[in-house]
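Notes to accompany the following structure.
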Amino acid sequence: TDSSATEKDAKLVDDMFTAMGYCVRIEEKQMDLIPGVAGSSPAFVAIFIDALADGGVQCGLPRGLAVRLASNAVYGAGGMIAKGLVAHPCLLRDQVCSPGGSSIVGVSALESGGFRAAVIDAVVKTTQRT
């Protein structure tokens, strides 16, 4: 691409954004593809945390504790994946789900409810909107 920015300029921007969080260089043509996965995803994750907490409340947990447990579970799993402690999110799922256990039953319920398809659709629709 045509740019008057130097590598020094790019490093300055990288350093600035890395100080606030994750920073990655992308091609300009990818700019409109990022919001669905990264920009809008905090809203999607918040809904997931809220749903986890609602399930906990339905099972008898106090709301505050349910929210704290759910948010920390998402934080922990996300951190493990982000840090590369597992090579792929599905590997973490497989490590948690024991044969015939409660986690695989829950995963099956999510799949039956269309969770994965709904998330993919949300990302695609968000991307189309940008």
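Bear in mind that the values in this text are calculations on the coordinates, not laboratory data. The model shown is predicted, which means the values in this text are computed figures rather than measured ones. Cβ atoms come from the backbone with ideal geometry, glycine included; neighbour counts cover every protein chain shown.
Numbers for the structure displayed
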quantity	calculated
Amide H contacts under 5 Å for Leu61, placed H, 5+ residues apart	none
Rounded Å value of the spacing that divides the Cα centres of region 1-61 and region 84-130	19 Å
Reach of Lys83 by Cα under 20 Å, taken over aspartates and glutamates that are not fewer than 8 positions away in the same chain	Asp14, Asp15, Asp94
Anchor Lys29: lysines whose Cα lies under 20 Å away (excluding residues fewer than 8 positions away in-chain)	Lys125
Degrees separating the helix 102-112 axis from the principal Cα axis of the chain, which is the longest one	70 degrees
14 Å beta-carbon shell around Met16, net charge (K/R +1, D/E -1)	0
Computed [θ] at 222 nm, helices only, for the chain once each DSSP H run of length n ≥ 4 contributes -39500 (n - 2.57)	-21000 deg cm²/dmol
Furthest towards positive pole of dipole, Ile120, Ser103, Leu92, structure part the chain, Cβ charges	Ser103
Average projected area [Cα convex hull, the chain], square nanometres	10.6 nm²
Angle in degrees between helix 7-18 and the longest Cα principal axis of the chain, rounded to the nearest 10	20 degrees
